[in-house]
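See structure below.
All of the numbers you see were taken from the coordinates with simple rules; none came from a lab. The model shown is predicted, which means the values in this text are computed figures rather than measured ones. Cβ coordinates were reconstructed from backbone atoms using ideal geometry, including for glycine residues, and neighbour counts include every protein chain displayed.
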Amino acid sequence: MSHVLALKCRECARETPIAAEHVCSFCFGPLEVDYDYDAMRAEATRDAIAAGPESIWRYAALLPELPGPDGRTDPALRVDLGAGWTPLVEAPRLGAALGLDDLWVKNDTLNPSFSFKDRVVSVALSAARRLGFETVACASTGNLANSVAAHAARAGLDAYVFIPADLEPAKVITSAVYGPNLVAVKGNYDDVNRLCAELAGEYGWAFVNVNVRPYYAEGSKTIGFEIAEQLGWRLPDHVVAPMASGSMLVKIDKAFTELGKLGLVAEHPYRISGAQADGCNPITAAFKSGGPVRPVRPDTIAKSLAIGNPADGYYAIDAVHRTGGWMEDVTDDEIVAGMELLARTEGIFTETAGGVTIACLAKAARGGLVERGERTVAVVSGIGLKTLDVLAEGNVPTMTVNPGLDEFQAAMSMREHQ
Ligand SMILES: Cc1ncc(COP(=O)(O)O)c(C=O)c1O
Ligand SMILES: [Zn+2]
């Protein structure tokens, strides 16, 4: 059963029928999926969820599962590579380094295309297929490109993937390998996004982060659902999330609110905090100054977070204010240090976006913004293998020796005397 009632404007609350639409035709506010929560409550019990697959689809009743052409929500029409249900691990050694006693990492590097984007893309492409689209498209800072290309291959859909021409080589290869139409645009992400907004009006394609964005964005709720379920159906005290458009952070807050509303968790106060690179900090800068979100021209190694004109910036600021969280931003050097700290304390290899999250958490902890005993979850959203270039300089062999015992022993004693 689909529990989706309609699309509803986040600003004026007017409703629009289910379609590939993202902007309210009355006030130009963003559209959001509106659900029948009573019907959802009856279906989404803890037992029913636990009996579901080990993927985001265990929460299908809480996601925008649209009816297919025959009016039913046939699971066979889902686009599924097994996204989600990633480990939530305790991080005691990282916690000790930061002076935190109850720190956890949500390890979203372990998704099918190695970032959290697989969550949003499976939901978006499932909606697109049920809305009758045969071609899907996206503007991407890299991870979304990987994920759309992979899921489109899986579903046999045509894909047009638009990326900034200066993207990290690894993210180009890890998109191209799935065989999409890969279009490199000479400009930054915001230029690519503007182009896609124009193309969406011209071509009958489902642009995952344009005309099917209301469905797409809902996929990020599954991070919040999983954190709560993996903690034994309890909300944490604090979640720290990286921000590009700000959507993931907003949807984690929405997930926690929905779980309370559905009676799946006890009400519990929680805080949500947001992390950006200081080379692309339109949301954190607005939060700190109390002023409006002003677009910036990104200049950071955290390319996956390099959205200068973030669609959900205001809503992210609202969620962080409302829950009593903080926002921080960090330099490129701090990002690299964050990646290395996580790898060296917990054995988790994240890309620059995860480095942003860990470095911002470290900065906030140093500044006394995190309570030592607060149960804090850091969302680590993508894998380090895609951004190897930023680590190349300092990560080299400890020693190089000829293959002989004497050689090794000599090198060891040199090292001891250094
Ligand atoms: C690895 C990674 N983490 C976090 C984000 C932030 O996502 P959002 O746009 O939902 O803020 C992105 C977005 O591209 C990403 O690639
Ligand atoms: Zn409106």
Q. Sorted from largest down, what three extents in whole angstroms do the Cα atoms of the stretch 302-396 have along their principal axes?
A. 44, 35, 19
Q. Modelled label-to-label distance, E43 and A96, 7 Å Cα→beta-carbon offset: nm?
A. 4.7
Q) Looking at the chain from every direction and averaging, what is the projected area of its Cα convex hull in nm²? A) 22.3
Q | Intensity falloff of the stretch 354-418 expressed as log10 I(q)/I(0), Debye formula with alpha-carbon point scatterers, at q = 0.15, 0.19, 0.28, 0.29 Å⁻¹ | A | -0.74, -0.82, -1.19, -1.23
Q: Could you tell me whether the stretch 131-218 comes out rounded, prolate or oblate from its Cα gyration tensor? Rule is a ≥ b ≥ c as square roots of the eigenvalues, rounded for a/c under 1.5, then prolate if a/b exceeds b/c, otherwise oblate.
A: oblate
Q) Considering the chain as a Gaussian network with a 10 Å cut-off on Cα pairs, which listed residue, D329, D406, D74, attains the greatest mean-square fluctuation? A) D406
Q. In whole angstrom, how long is each semi-axis of the equivalent ellipsoid of the stretch 182-274, when you take the square root of 5 times every eigenvalue of its Cα gyration tensor and sort them from largest down?
A. 34, 14, 9
(Q) Can you tell me, using C-alpha contacts under 8 Å and at least 6 residues apart, the relative contact order of the chain as a whole percent? (A) 16
Q) From the phi of every residue in the stretch 9-17, what ³J(HN,Hα) in whole Hz does the Karplus formula 6.51 cos²θ - 1.76 cosθ + 1.60 yield, where θ is phi - 60° and glycine or proline is x? A) 6, 6, 9, 9, 6, 6, 9, 10, x
(Q) From the C-alpha coordinates alone, can you work out the Kirkwood hydrodynamic radius of the stretch 1-74, in Å? (A) 13.5
Q | Relative packing of peptides 175-183, 60-68, 206-214, 188-196 - highest average C-beta neighbours within 10 Å first | A | 206-214, 60-68, 188-196, 175-183
Q.
For a quick check, take a GNM of the chain with Cα springs below 10 Å and name the residue from L305, L231, L391 with the largest mean-square fluctuation.
A. L231
Q. Just the projected area, averaged over all directions, of the convex hull on the alpha carbon atoms of the stretch 75-202: how many nm²?
A. 9.6
Q.
If I stretch the segment between A197 and D406 completely, what's the gain in nm (0.36 nm per residue apart, minus their alpha carbon distance), one decimal?
A. 68.8 nm
Q | Computed over the stretch 118-185: relative contact order in percent, which uses C-alpha pairs under 8 Å that are six or more apart | A | 32
Q | Pairwise label distance in nanometres, L110 with V89, each label 7 Å out on the Cα-Cβ vector | A | 0.7
Q: Would you mind calculating the gained length between S25 and T135 on full extension (0.36 nm times residue separation, minus the Cα-Cα distance), in nm to one decimal?
A: 37.1 nm
Q) Per the Debye formula with a single identical scatterer at each Cα and no solvent contribution, what log10 I(q)/I(0) holds for the stretch 220-282 at q = 0.19 Å⁻¹? A) -0.65
Q: For the stretch 46-110, just say rounded, prolate or oblate: build the C-alpha gyration tensor, square-root its eigenvalues into a ≥ b ≥ c, call rounded for a/c under 1.5, and beyond that prolate if a/b exceeds b/c, oblate if not.
A: prolate
Q) Once you wrap a convex hull around the alpha carbon atoms of the stretch 260-324, what is its projected area averaged over all directions, in nm²? A) 5.4
Q. Could you give the alpha-carbon Rg of the stretch 1-132 over 2.2 N^0.38 Å, rounded to two decimals?
A. 1.27
**Q.** Whether the stretch 290-351 is rounded, prolate or oblate, judged on the alpha carbon gyration tensor where a/c under 1.5 counts as rounded
**A.** oblate
Q) Given springs between every Cα pair under 10 Å in a Gaussian network model of the chain, which of R271, R129, R154 has the largest fluctuation? A) R154
Q. Which whole-number percentage describes the relative contact order of the stretch 109-259, with Cα contacts under 8 Å and a sequence gap of 6 or more?
A. 24
